[in-house]
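Here is the structure we will look at, set down as structure tokens.
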Amino acid sequence: MKEPLSLGIAGLGTVGAGLMQLLAEHGRRIGEVTGREIRVAGVSARTRGKDRGIALDGIRWFDDPAALAADPSIDVLVELIGGDEGAPRRAVEAALAARKHVVTANKALLAKHGVRLARLAEKQGVALNFEAAVAGGIPVIKALREALAANEVRRVYGILNGTCNYILSKMQDEGSAFADVLAEAQAKGYAEADPTFDIGGFDTAHKLTILTSLAFGTEVAFDEIHVEGIESITSADIEAADALGYRIKLLGVALRTGSGIEARVGPAMVPKHSAIAEVSGVTNCVAVDGDFSGNLLLIGPGAGARPTASAVASDIVDVARGLVLPPFVTPTAKLAPHKRAKIDGHQGAYYVRLSVYDKPGAMAAIAGRMGDREVSLESIVQRRPRAALPGIDARGTPGSAATVILVTHETTEDAIRQALAAIEKDGKVAERPQMIRIERL
Ligand code: HSE
């Protein structure tokens, strides 16, 4: 056996504790497959005395994760704190500066500072591995970095946030209310400390930023991603989608277009009999369309202690085996700038839900506004009027509004947005129109 590999683990939350458990159960096995014994030499976390259900005897405690990272007893910093600034950033920078390998699950840090950190890792000749940063237990980073490295990727997309998928699935299956399901997801440890990261689409955007760079050989560019969350999805949308043959999923999608990379996060309609529609609960999936590989779909648990710990451990195995690859597949000096394709240019069909004042001519006016922008309608369904809505009578309009569901033929995002803005301006609707992209799979 070669020299043992000494880990410094910064962060002992859900994933950190999961990793300690994995190492306790499978440490010997990792030693056998890599030829190196794996040791935890030091740990760091915010609170020392807390009972985490893991044995820390004989392991040095560090109050400061950056001191742990730079300590001579450590070969690898395993950063599981999370967050794009402060302690995790300092710890990762300290480790790389001291020529230590880094394994991290920190998608926010990579989405913001990935290229700079990768450049430093390459200069220092050490690994910067982040399998756990995207889609939990699914080995998608390895797939893009290794198995698919010889392909030109045309599109990468998927369900990248377990919390949102859990919420949407429960709303679909049980008719549960959004807030109740969110509380459950938090209790189960799926949601981020601040759940707006999940439901606002930002967690998905962090992951998509990383996938986009790996897939297209471009610099990480979080600010170039168009982000929408699931807060506006109601049970009316879930029911209407079902009736139309769709499921609503929060997707992260990045594709090459003639004008650049279209990278977006948002609720999307997917056909209910497609494989992606069947991905429910906390499960994630990532689809990659490679020019030689064809279309691949990886499905698996996207969050939780054990799957995420499995991904972290796979990165540790690579380090123990001596595998050091450019973090973003393409060496940083050769990463191309990210050229954004504007979301207004997105081409596709749309689902629209309108709450229309129930009076003569309203539908004709709506269809007219769509026609003005060359938006052709595939179907129109009007549901029975709802009871009086707050504020409607006060505005002197009839005291009821009907739900109208439109499905468009293929159009551009610019056209549909302009049509909906005109409909709102005309005063024909009682609420902001709901608009959801219908995904071409
Ligand atoms: N909050 C994330 C999720 C955890 O729900 O998927 C994994 O990144």
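General observations
- The lone criterion from (1) part of a helix (DSSP H, G or I); (2) open to solvent by less than 10 Å² (accessible area, probe 1.4 Å) left unmet by Val270 is number (1).
- Search result, residues across segment 135-162 that are away from the ligand (no atom under 16 Å from the Cβ) and open to solvent by 30 Å² or more (accessible area, probe 1.4 Å): Lys142, Glu146, Ala147, Ala149, Ala150, Asn151, Glu152, Arg154, Arg155
- Test: residue in segment 312-335 that is open to solvent by 40 Å² or more (accessible area, probe 1.4 Å), modelled with pLDDT of 95 or more and closer than 30 Å to Leu244 by Cβ: no
- For the criterion of being open to solvent by less than 40 Å² (accessible area, probe 1.4 Å), within 16 Å of the ligand (Cβ to nearest atom) and over 15 Å from the mean Cα position of the chain (by Cα), Leu182 passes.
- Pairs where the first residue, in segment 153-179, is under 21 Å from Gly137 (Cα atoms) and the second is of a type in the set (Lys, Arg) and away from the ligand (no atom under 12 Å from the Cβ), C-beta under 6 Å, 6+ apart: Ile159/Lys249
- Complete set of residues in segment 213-241 that are in contact with a His (Cβ under 9 Å, 6 or more places away or on another chain) and either of a type in the set (Gly, Ala, Ser) or on the phi > 0 side of the Ramachandran plot (or both): Ser213, Ala221
The values are calculated or read from the model by the stated rules, or taken from the named source; none is laboratory data. Values in this document were obtained by computation on a predicted structure and should not be read as measured data. Here the Cβ is made from the backbone with ideal geometry for all residues, glycine too, and neighbour counts use every protein chain on show. We work out accessible area using only protein heavy atoms, side chains counted, and drop any ligands, DNA or RNA first. Shrake-Rupley method; radii C 1.70, N 1.55, O 1.52, S 1.80 Å.
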